[in-house]
Amino acid sequence: MKRAKAPSRKARWKRLVAASLRDGWIVFRDSWVWLGLWLLLWLGFTMAIWAGTRPALAFHEALYQAFSQITLNPVPLPEPWWLQLLFYLAPALNIILLARGALNMGILLFDKRNRREAWQMALASTYRDHIIVCGLGKIGYRVVGQLLASGCDIVVIDAHSDGPFHELVMGQHVPVIIGDARQPELLQQAGLHHATSLTVVTGDDLTNLDIALTAREQHPDIHIVMRVFNDSLAGKLSSAFNIQTAFSTSALAAPTLAAAALGRGITNALYVAGKLLSTVEIVVERDGIFDGRLIQTVENQHDISVLYRRGRNGEDLRPRGDERLTSGDQLVIIGPLAAINHIQAQNKPNAAPHAPYRL
């Protein structure tokens, strides 16, 4: 799977220009009737001048004379009375057609609020190597936020036209397409064949499965992440439908809830190789048992890992083991719950010496 990457400012501008050109073509296509009527007026008036003038004008001269007359650059009146009548009527008809066509095109081109759906689709059509998120409820909104924070390009599909998070997401320059993601056409409008991944997080298992299977049929190699409420269904999806990743919401939440009930300060929990690991945030206490110790010493003696450190010299994601802890350092550590509780008990000034925790 190709990794989604954050676009540069130049790429974002190119995308905006491409979306505007595509949207302009749609506007032109939707306004062709008025353009066609104007061309018919011009051609018809040209034929009348060509047939009614003596001596006869060349066709290109008649074409120019007709254009000059309808654009209010009058030419001398010809002899036939019926052609004189056309000379008066043609500019009036031209004004009506141009005014109506310009008004129609102006509304389509500049009133993007009323044409929001068309503009969102035009913008989504410019995306490449992006992630499609289906469902913009509370979970979907959080997923979008995390992906944006990771620098990913995102296109959202949501079935509800009045979703509470639409404005917030579009305000972060994320296209939001309204419709049923189970429809192949909508997935194509979201750029399925150019996407790196599809994340399905609506509130219904069958809808999620339907979307995932439709996407798999359209794009067999797409990486799919799917929200599932039914634990038994989650276990069967990967092998049965070639959905590479399927998470049960309850299965993800249960370990965190259980760990939080057993230990204070637990922020998250997950199973790794059948073992429950928990994460916790701690602050190194002055003169405590960790003040002045090397990170690798703490990790080796207590069977935990330091995932993050913020200290006087800034922050570091996954700090090196040869760095020395100092009081006031903010740490995020991960390990078995018993080891986490052991760490917390020793992280206090003048803590009594304890034997290192061993799993």
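Values quoted throughout were computed directly from the atomic coordinates according to the rules given, and no laboratory measurement underlies them. Since the model is a prediction, treat every value here as computed from it, not as a measurement. FYI the Cβ positions are ideal-geometry reconstructions off the backbone, even for glycines, and counts take in every protein chain you see.
How far, in nm, would the chain grow between Thr267 and Glu167 when pulled straight, counting 0.36 nm per residue and subtracting the alpha carbon separation? Walk me through the numbers before you get to the answer.
Numbers: separation 100, 0.36 × 100 = 36.00 nm, distance 2.95 nm.
Taking 0.36 nm per residue and subtracting the Cα distance, the gain is 33.1 nm.
Could you compute the FRET efficiency for Asp221 and Gln301, with r as their C-beta to C-beta distance and R0 at 30 Å, rounded to 0.05?
After rounding to 0.05, the efficiency reads 0.10.
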Sites Leu252 and Ser68, calculated FRET efficiency, Cβ-Cβ separation with R0 51 Å, nearest 0.05: 0.10
Residues whose built amide H sits under 5 Å from the amide H of Gly179, excluding neighbours closer than 5 in sequence, are Asp158, Ala159, His160
Starting at the first residue of the stretch 266-277, write each ³J(HN,Hα) from the Karplus equation 6.51 cos²θ - 1.76 cosθ + 1.60 with θ = phi - 60°, in whole Hz, x for Gly and Pro. 5, 9, 6, 8, 7, 8, 10, 6, x, 10, 7, 10
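Order the peptides 172-181, 195-204 from the highest to the lowest mean number of other Cβ atoms within 10 Å of their residues. Intermediate values should be presented prior to the final figure.
Numbers: 172-181: 19.7, 195-204: 21.3.
The packing order, highest mean first, is 195-204, 172-181.
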Could you run the Karplus curve 6.51 cos²θ - 1.76 cosθ + 1.60 with θ = phi - 60° over the stretch 181-197 and give me ³J(HN,Hα) per residue in whole Hz, x for Gly and Pro? 5, 6, 7, x, 4, 5, 5, 5, 5, 7, x, 4, 6, 9, 8, 8, 7
Grab the Cα-Cα distance for Arg128 and Gln188, subtract it from 0.36 nm times how many residues apart they are, and report the gain in nm with one decimal. 20.4 nm
Return the distance in nm (one decimal) between the two label points of a simple spin-label model at Ala338 and Leu206, each offset 7 Å from Cα along Cα→Cβ. 4.6
Check which residues have an amide H placed less than 5 Å from Thr267's amide H, if you skip close sequence neighbours. Thr279, Val280, Glu281
Using a 7 Å offset from the Cα along the Cα-to-Cβ direction at both Glu117 and Asp322, what is the distance between the two label points in nm, to one decimal? 6.2
Any chance you could run the full-extension gain for Lys138 through Val283? It's 0.36 nm times the residue separation minus the Cα-Cα distance, nm to one decimal. 49.1 nm
